1. Tell me the angle of helix B:76-86 to the major Cα principal axis of chain B, expressed in degrees between 0 and 90 and rounded to the nearest ten.
2. How many nm is it between the label spots at B:S299 and A:A185, if each spot is 7 Å from the Cα in line with the beta carbon?
3. Which of these, B:K188, B:K103, B:K66, has the largest mean-square fluctuation under a Gaussian network model of chain B (Cα springs below 10 Å)?
4. Using alpha carbon centroids, what distance separates segment B:109-150 and segment A:276-349, in Å?
5. Ignoring everything except DSSP H segments at least 4 long, calculate the 222 nm mean residue ellipticity for the protein assembly as shown; use -39,500 (n - 2.57) per segment, divide by total residues, nearest 500.
6. Looking at chain A as a GNM with Cα springs under 10 Å, which of A:S353, A:S68, A:S14 has the largest mean-square fluctuation?
7. At q = 0.11 Å⁻¹, what log₁₀ I(q)/I(0) does a Debye calculation on the Cα points of the protein assembly as shown give, no solvent, two decimals?
8. With all pairs of different alpha carbon atoms counted, what Kirkwood hydrodynamic radius in Å does segment A:31-75 show?
Number of protein chains: 2
Amino acid sequence: MTPLLTDLRVVEVSAFIAAPLGGMTLAQLGAEVIRIDPIGGNIDYRRWPLNEAGESLYWASLNKGKRSVAIDLRHAEGQELARALIGAPGEGGGILVTNLPAKGWMDYETLRQSRHDLIMLQLTGNPDGSSAVDYTVNCASGLPHATGPTAEPVNHVMPVWDVAAGLYIATGLLAAERHRARTGAGQKIDLSLADVMLASVANLGFTAEVEINGTGRQPIGNDLYGAYGHDFATRDGRRVMVVAITTRQWAAIGLATGLSERLAMIGPMMGVDLATEGGRFAARHAISAVLEPWFAARSLGEVREALEAAGVLWGPYQDFAQLVGEDSRFSADNPMFRQVDHHGIGPFLTPGSPLAFGAVTRQEPGSAPRLGSATEAVLHERLGLAAHEIARLAERGIVSL
Amino acid sequence: MTPLLTDLRVVEVSAFIAAPLGGMTLAQLGAEVIRIDPIGGNIDYRRWPLNEAGESLYWASLNKGKRSVAIDLRHAEGQELARALIGAPGEGGGILVTNLPAKGWMDYETLRQSRHDLIMLQLTGNPDGSSAVDYTVNCASGLPHATGPTAEPVNHVMPVWDVAAGLYIATGLLAAERHRARTGAGQKIDLSLADVMLASVANLGFTAEVEINGTGRQPIGNDLYGAYGHDFATRDGRRVMVVAITTRQWAAIGLATGLSERLAMIGPMMGVDLATEGGRFAARHAISAVLEPWFAARSLGEVREALEAAGVLWGPYQDFAQLVGEDSRFSADNPMFRQVDHHGIGPFLTPGSPLAFGAVTRQEPGSAPRLGSATEAVLHERLGLAAHEIARLAERGIVSL
């Protein structure tokens, strides 16, 4: 079966999370993604977590299904090779994504000389091109001050802005390629991590709240804002998140716990209408107080059984070991996952794209390439170099194979 | 100038964050996005935060630039209208995104009878189609247990999985439309919030760490894993995040604070090599101890000046009010933002797409439509209904205008 993004060819000169995730997202939909790295790897090649042998689980996980070309990018001849690869002909080619400084040989106007319809997406930290990373963008987002039970800022562990930027990259490249297929025109696309953060925070209404209502969102611990949601401890030391947004979900909590009548007393007691989301939010502490003993008296298994039977919207808290060990969605039974043997690391459960397309078989997740393992094939296929020419480049240290 | 995604037409039957964000992402790149809602609005129409008059800042922010069609979807005739709109002819049409149960009239096989090349993306909570929301997926991700200073789980406030799913939706629809333009074939695309979470956590190496190294990531407060990053309080009660990933960034911290020599004592003292990221991570508490008094003795302004001069990678913490009031990137000087007057709410700073495409002017962010404001125009344009026919439908309560 032909892959979904057949004939799409993207060159990636990247490091860290966002740009590699952008490339991988397209690779997992069937695009050919060629990651060009300096010989020995880019700055992210040994990023933690590592296995015992020092291989990066992070690099292995963010570069699956790509082809690796290793070139000495400080050398003029290496730069020329990279430029030629980026500008190589072909309808779905001529697409570059990078989060490195696009200066000198990698400047857009320079690269465009090899291919006038080049599409180049450059990710920067700030809109003005200055440096920023997920951590230095996140602290400015307002979210850390609203996270956790107090106003003490709490950083996220999930690199949200990197992941969102990676997905904007995939969207942006597909949109630009659609435009080029219709008009023949390439273009430069600029994206900054800070703009991804600012747009997201504004799209969710956090800044409008300040501008219109004069108040910023306050920390409310693990509760859910504007509706009912709370986390409860179980008898066996586990914890669950329970949510009610719709009236049906709210009724289900009473049904599952047998506490409908007591919960109904809260409305008059607190002077709120529990039939509304806002009323349940206002009375959330009273609701949680009524429910807490029920959860504390039951094991996770018992809680699960009762909540599922009544159709409550809920989920168990899991640490990473519990996610790996207990969650049936994290298993080879989930068609997104495969057990993949990764070079120098060994087998671990590896996801393909979460997008399941009916018209094509899901692309195998694959593994990250050994550094430089596609240098020879790509230089031959795309630039027509002969084996002895490539061997000579390798001897001189311009490329590594 | 023609918009980037000219001739792309998406119908959205949606609620909450992910599906509306997917539609808005495409609308902000120039696609025509028609959101069909039940008369009076869908379940997200009054979601918090609200303004004083009860208008939702959340809905207004997630539905910008769309056209609104309001139809009684419980009525057979209303369902027939919606089905006809989804299947309306046109090269870039025949695309539906929904996160509602796709049963009955909205079943894929049923809809395909009106248009054989229909592209339909359905977002569910779990891969098996059962319900889940960001909160009940997030608790299972492992991340809350690794967030904050202790193993007590901390929920994120940013709905990460919703936002990532929204961007996967935009990517998935563009990929499927590219495939259809080449092959003529439509398809159903399935995506679940849980798979987005599982893929993301695995792509970042969190699960491989458990499977390969036998250990899950532990909470380390606001520190950065595998390199140096820490938050410091300033004399004037503010807080900053300071990060060093590269050697240059590490040297800059010593330079800015004048503490290079003292920092250099930490290597031998702790028995680590501070020239490596891993060494700096291992010695992070000692590093922070040396740096802390420097920050505590200075105001945010003084800290900013010294860090900027030395090229330190850093950022200030801001709550939402500070983000709105102090951050120059959150202003009309940033070309992503416009001051937009929103129906029933008033003006607030509103982002367009963070993607800036060189070949086209950035689409104005626009505002969310008044519910049903495009019903008449869309029924006329797409289904050829005459004014008196539409008026009759409105009188009978099948549509609202």
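1. Helix B:76-86 sits roughly 60 degrees off the main axis of chain B.
2. In this crude spin-label approximation the distance works out to 4.9 nm.
3. Judging by the Gaussian network model, the answer is B:K103.
4. Cα centres, segment B:109-150 to segment A:276-349: 14 Å.
5. Values: 34 runs with 313 residues, N = 802.
It lands at -11000 deg cm²/dmol.
6. Maximum among the listed residues: A:S353.
7. For the protein assembly as shown, the Cα-only Debye profile gives -1.33.
8. Radius from the Kirkwood sum: 11.4 Å.
The values are calculated or read from the model by the stated rules, or taken from the named source; none is laboratory data. Because the structure is a prediction, the values reported are computed rather than measured. Reconstructed Cβ throughout: ideal geometry from the backbone, glycine too, with neighbour counts over all protein chains shown. Ligands, DNA and RNA are excluded from the accessible area calculation, which covers all protein heavy atoms including side chains. Shrake-Rupley method; radii C 1.70, N 1.55, O 1.52, S 1.80 Å.
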